[in-house]
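See below for the structure under consideration.
Bear in mind these aren't lab numbers, they're just calculated from the coordinates by the rules spelled out. Since this is a predicted model, take the numbers as computed values, not measurements. Here Cβ is always computed from backbone atoms with ideal geometry, including for glycine, and neighbour counts include all displayed protein chains.
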Amino acid sequence: MASLLASCHLNSSTRLTQNKCISRSTYIRAASVERAEPKSTSLAIVQNGNDKLEISRVINGMWQTSGGWGKIDPHAAVDAMLRHADAGFATFDMADIYGPAEELYGMFINKVRQERAEEFALGIKGLTKWVPRPMKMTRAYVEGSIDRSRKRMDVKTLDMLQFHWWDYSDRGYLDALKHLTDLKEEGKIKTLALTNFDTERLHIILDSQIPIVSNQVQYSVVDTRPQKKMAELCKISGVKLITYGTVMGGLLSEKFLGSNPSLPFVGPSLNTPSLNKYKQMVDQWGGWNLFQELLQTLKSISTKHGVSIAAVAVKYVLNQSEVAGSMVGVRLGLSDHLEDSRRIFEFQLDKEDEANINQVSRKGKDLMKLIGDCGDEYR
């Protein structure tokens, strides 16, 4: 296959980054652009060639099990996971570094096998991430890491393995991905994906014929960096986006409308790792006053449709053509947002709604210039 990174004259169908392009005819190779239609608007399919996975468009994010959001009782957490699955939200996102997340999934999937029909169990999807420490990516090390996740999650085959890499100057990420591709062919992984990779590295990975189905990135009405470069590559290649930070840890909610975090003991506190993380993003984007203007705009739209601010924020991101699913964090056994999640699929944003959101969002600073491309905040 001709190099996807060859220099060429750019046009509207191949433009990506300066002096780097992909032709549509070259790329139809692996990323099955003709995708099967999902069974309903609450489901989506990610696919590359014969690798295919159906997932919930609203995904239960399990970062909150790693500490900092309150003590998790394992049995209460598993019961909460079952309630989410019963409600139709049967895709769970976790990582090897999210505390007990993979073990909780293992407990949960066993409960499903015991208490639900086989067809129901087949609809459950566990998406995990592998976040290795910098070191030589040997076959033995990669396979041992994947086997550990399989054991924790109590599954023969991982539905999706999302790979993260810390340092692009170390090209060992290609070695790791080639070993992961071999493990996929051997039946230990069903679909192979990325998390927090930028557009340039996704180019390189696809050019190396690694069968990537999705890339998990930060994406919200505040952080629209994936629209800049990543979405165009996804459109050409068929790789889909799975998004996190879409409700900004809860900042995009009625709770923070009219609040002032600079006043101690007044109003809601930034008392979780995710709230603190995304408050920093707000500060970089445009500050709290502009954020309040955005919340007011979202509130007006949410009132119009009879839904919450969070539902509007998620719907906006799900409406982006290259987005397969968006994460909603779950504090298992402590609180949930099932009713909000259901409502996401019961209304539609009209052109005026999206124009009003874009108008305020674009008043903020260009985070692409400040932070860099998707995932650059981790490097």
Q. Somewhere in the stretch 139-154, is a residue part of a strand (DSSP E or B), touching a Ser or Thr at 6+ places or on another chain (Cβ under 9 Å) and not basic (Lys, Arg)?
A. no
Checked the stretch 250-277 for anything of a type outside the set (S, T, N, Q) and under 18 Å from Thr195 (Cα atoms); matches are Lys277
Condition set assigned to a loop (DSSP other than H, G, I, E, B) and within 14 Å of the chain's Cα centre (by Cα), scope the stretch 220-231, selection surrounded by the fewest Cβ atoms within 10 Å (Cβ to Cβ): answer is Thr224
- Message: Taking the criterion of being over 15 Å from the mean Cα position of the chain (by Cα), within 21 Å of Tyr378 (Cα to Cα) and not aromatic (Phe, Trp, Tyr), would at least one residue in the stretch 298-310 satisfy it?
- Response: no
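To keep it simple, each residue is scored yes or no on (1) out of contact with any Gly (no Cβ under 9 Å at 6 or more places or on another chain); (2) among the aliphatic types (A, V, I, L, M); (3) in contact (Cβ under 8 Å) with a residue 40 or more places away in the chain.
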residue: Ser300; (1), (2), (3): yes, no, yes
residue: His305; (1), (2), (3): yes, no, yes
residue: Val330; (1), (2), (3): no, yes, yes
residue: Lys363; (1), (2), (3): no, no, yes
residue: Met368; (1), (2), (3): yes, yes, yes
residue: Gly372; (1), (2), (3): yes, no, yes
residue: Arg379; (1), (2), (3): no, no, yes
| task | Evaluate the stretch 317-331: report whether one residue or more is crowded, with 18+ Cβ neighbours inside 10 Å and assigned to a helix (DSSP H, G or I). | result | yes
Reported set for the stretch 232-257 where residues are in a loop (DSSP other than H, G, I, E, B) and surrounded by fewer than 23 Cβ atoms within 10 Å (Cβ to Cβ) is Ser253, Leu257
**Request:** Could you check, for the stretch 187-196, whether at least one of its residues is touching a residue at least 40 places away in the same chain (Cβ under 8 Å), of a type in the set (Gly, Ala, Ser), touching a strand residue (DSSP E or B) at 6+ places or on another chain (Cβ under 8 Å) and at negative phi?
**Result:** yes
Going through the stretch 131-142 in order, the residues found to be touching a helix residue (DSSP H, G or I) at 6+ places or on another chain (Cβ under 6 Å) and either surrounded by 14 or more Cβ atoms within 10 Å (Cβ to Cβ) or at positive phi (or both) are Met137, Val142
Among residues of the stretch 237-284 being among the small types (Gly, Ala, Ser) and on the phi < 0 side of the Ramachandran plot, the residue farthest from the chain's Cα centre (by Cα) is Ser262
